[in-house]
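Visitor: The following block contains the structure, expressed as structure tokens.
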Amino acid sequence: EAGVAQSPRYKIIEKRQSVAFWCNPISGHATLYWYQQILGQGPKLLIQFQNNGVVDDSQLPKDRFSAERLKGVDSTLKIQPAKLEDSAVYLCASSLSTGGGYNEQFFGPGTRLTVL
Amino acid sequence: AQSVTQPDIHITVSEGASLELRCNYSYGATPYLFWYVQSPGQGLQLLLKYFSGDTLVQGIKGFEAEFKRSQSSFNLRKPSVHWSDAAEYFCAVGNAGNMLTFGGGTRLMVKP
């Protein structure tokens, strides 16, 4: 079974530029998550999708970050314009949605963003 | 709100020695608890999880963890550490809405 795919793996941009990350979840997983992991910290949830609807985006800096999952499968996360403090690893995860209890999240390899 | 504290930022142990990584959580109900490992340049790999039942859970790579409700703790242990265990370890708490909150991580270094 293929895992969560993310691209690109690495990205270097200058501040005020824009950048986009792509995630393809495990087939059949209805729930998709984007996390930000700043160096030396644990991952922080940015946004959670259930199919193509947003479940939680309370920690997404909406003035510069946006995310979409138009067909309920792939997702993109965009930053525009980027700031130095956005340098981090962006992790995508997916899980089944069985309607009760907790469903294990499976993580992709992440995209390491460096903002100069 | 749920939260996780990992008091030790760095731990160094000798190869073959035992290991215990500490984790304390804050959550209003019975928590879903996890330990993940992250090697350099790699994604997060689930080591073990606790949902209910036996408070001592076994995971992959010889790791185990014990849930202690009275201490709000979920410490990770391994009886004999291998050099390949050097990595960053994250404790996390989840809720029924499938939201995970991670601790700050503990970086494990293994001396030969």
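Visitor: If R0 is 25 Å, what FRET efficiency do you get for A:SER18 and B:ALA1 from their C-beta distance, rounded to 0.05?
Guide: After rounding, the FRET efficiency stands at 0.20.
Visitor: For the protein assembly as shown, divide the Cα radius of gyration by the Kirkwood radius and give the resulting Rg/Rh value with two decimals.
Guide: Rg divided by Rh gives 0.97.
Visitor: Same structure again: Enter the accessible area per residue of chain B (Å², integer; probe 1.4 Å; all protein chains in place).
Guide: On a per-residue basis, 47 Å².
Visitor: With every protein chain kept in place and ligands, DNA and RNA left out, what is the accessible area per residue of chain A? Probe 1.4 Å, answer in Å².
Guide: Using a 1.4 Å probe on heavy atoms only, each residue of chain A averages 49 Å².
Visitor: At a cut-off of 40 Å², which residues of the range B:33-66 become less accessible once all protein chains are present than in their chain alone, using a 1.4 Å probe?
Guide: Going by heavy-atom accessible area, the residues of the range B:33-66 that drop by at least 40 Å² are B:GLY41, B:LEU44.
Visitor: Mind listing, in residue-number order, the residues in the range B:90-112 that have at least 50 Å² less accessible area with every protein chain present than in their own chain alone (1.4 Å probe)?
Guide: B:ASN98, B:MET99, B:LEU100, B:PHE102
Visitor: How big a patch of accessible area, both sides summed and in Å² to the nearest 100, lies buried between B and A at a 1.4 Å probe?
Guide: 1600
Visitor: Restricting to lysine pairs 8 or more places apart or on different chains, what number in chain A have Cα atoms under 15 Å apart?
Guide: Final tally of qualifying lysine pairs is 6.
Visitor: Pull up all non-local amide H partners of A:VAL55: gap of 5 or more, or a different chain, and H-to-H distance under 5 Å with H placed in the peptide plane.
Guide: Correct list: A:GLN48, A:PHE49, A:GLN50.
Visitor: How many percent of Cα pairs in chain A exceed 16 Å?
Guide: The proportion of pairs with Cα distances above 16 Å equals 57 percent.
Visitor: Could you work out the equivalent-ellipsoid semi-axes for the range B:66-112, taking the square root of 5 times each eigenvalue of the Cα gyration tensor, largest first, in whole Å?
Guide: 25, 14, 8
Visitor: Please report the carbon-and-sulfur percent of the accessible area for chain B; probe 1.4 Å, protein heavy atoms only, DNA, RNA and ligands left out.
Guide: Here carbon and sulfur together make up 50 percent of the probe-accessible area.
The values are calculated or read from the model by the stated rules, or taken from the named source; none is laboratory data. From a predicted model like this one, the values you see are computed outputs, not experimental measurements. Every residue, glycine among them, receives a Cβ derived from its backbone with ideal geometry; neighbour counts consider all protein chains shown. SASA here: full protein model, heavy atoms, side chains in, ligands and nucleic acids out. Shrake-Rupley method; radii C 1.70, N 1.55, O 1.52, S 1.80 Å.
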